[in-house]
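J.: What follows is a single structure, and I will ask about it in a moment.
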Amino acid sequence: MAGLIGTAALALAGLAGAGGASADPLTCTAANGHNVIRADGYGACGAKAGPGSFAHAEDHSRNGTAVASSNTGGNANAYNLQPNTSALSGAVTGGTGYSITTGPGGMAVSQARAGGTSIAVAGWGGTAYSGPYGTTCSGSFAAAVDTSTGQACIGSGGIWLSTPRPAS
């Protein structure tokens, strides 16, 4: 577990200095059965929360997408910080998800569930996935942690680290 927390700390540290392209992000926040969608130019955000749930999405680039969807007590958060990127976060049954894009061309997807935490961070041209199938990282920079499966990965360019996949 300490390794998972360390990987998450490294992934979030990658956000330091990652600036957004716009001073006014598109922001969508929904709770307890509500839905919010905003679009402006080429940017968009969406947040949908079922009963007892919370969803928050921000598109800072005005040229990308941030979508958060939660249900059954979930807490989903999506932050798109750069152009031509997508941050998609889902959370159910008390899970907490964070998807963050920090570089152009990135794709971050998190699917939290069962009270666990899923974090996906994608940098320039990176792809990060965290969810029921574990974690996957590829591209120029990506990091992901999923506490429900105990999986984590982080990497940049040709250097990649990940937890071993359990035997089927």
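J.: Taking every DSSP beta bridge with both residues inside segment 2-162, roughly what % is antiparallel (nearest 5)?
T.: Restricted to segment 2-162, the bridges split so that about 45 percent are antiparallel.
J.: Run the dipole for segment 2-162 about the Cα centre, Lys and Arg Cβ at +1, Asp and Glu Cβ at -1, nothing else charged, and hand back the magnitude in debye, nearest 20.
T.: Charge dipole of segment 2-162: 160 debye, to the nearest 20.
J.: Here is a follow-up. Any chance you could get the radius of gyration and Dmax over the Cα atoms of segment 57-141, in Å?
T.: When restricted to the Cα atoms of segment 57-141, Rg and Dmax are 11.7, 35 Å.
J.: Tell me, what is the Rg over Rh of segment 2-162, with Rh the Kirkwood radius over Cα pairs? Before the final figure, lay out the partial values.
T.: Values: Rg = 14.3 Å, Rh = 14.8 Å.
Rounded to two decimals, Rg over Rh is 0.97.
J.: Kindly put 40, 24 in sequence by how many other C-beta atoms sit within 10 Å of each C-beta, fewest to most.
T.: Working: 40 13, 24 9.
The order, fewest Cβ neighbours first, is 24, 40.
J.: Report ³J(HN,Hα) in whole Hz for each residue of segment 80-90, in order, from the Karplus equation J = 6.51 cos²θ - 1.76 cosθ + 1.60 where θ = phi - 60°; Gly and Pro get x.
T.: My calculation for segment 80-90 gives 9, 9, 9, x, 6, 10, 9, 10, 10, 10, x Hz in order.
J.: Collect residues whose amide H, placed 1.01 Å from N in the peptide plane, falls under 5 Å from the amide H of residue 64; neighbours closer than 5 in sequence don't count.
T.: So residue 64 has HN proximity to 43, 44, 84.
J.: Which length gain, in nm to one decimal place, applies between residue 24 and residue 156 when the Cα-Cα distance is subtracted from 0.36 nm times their residue separation? It would help to have the intermediate numbers written out before the result.
T.: On the way: separation 132, 0.36 × 132 = 47.52 nm, distance 2.97 nm.
Difference between extended and current length: 44.6 nm.
J.: Could I ask something else about it? Provide 124, 160 in ascending order of the number of other Cβ atoms located within 10 Å of each residue's Cβ, fewest first. Don't skip to the end; give the middle numbers.
T.: Values: 124 17, 160 12.
Ascending Cβ contact count within 10 Å gives the list 160, 124.
J.: Also, quick follow-up: Going by amide H atoms built from the backbone, whose H comes under 5 Å of the H on residue 115, apart from near neighbours?
T.: Amide H neighbours of residue 115: 94, 95.
J.: Also: Quote to one decimal, in nm, the extra length available between residue 35 and residue 133 on full extension: 0.36 nm per residue of separation minus the C-alpha distance between them.
T.: Working: separation 98, 0.36 × 98 = 35.28 nm, distance 2.73 nm.
So the extension gain works out to 32.5 nm.
Rule-based calculations on the coordinates, nothing more; no lab input. Keep in mind it's a predicted model, so treat the numbers as computed, not measured. We place every Cβ from the backbone using ideal geometry, glycine too, and count neighbours over all the protein chains shown.
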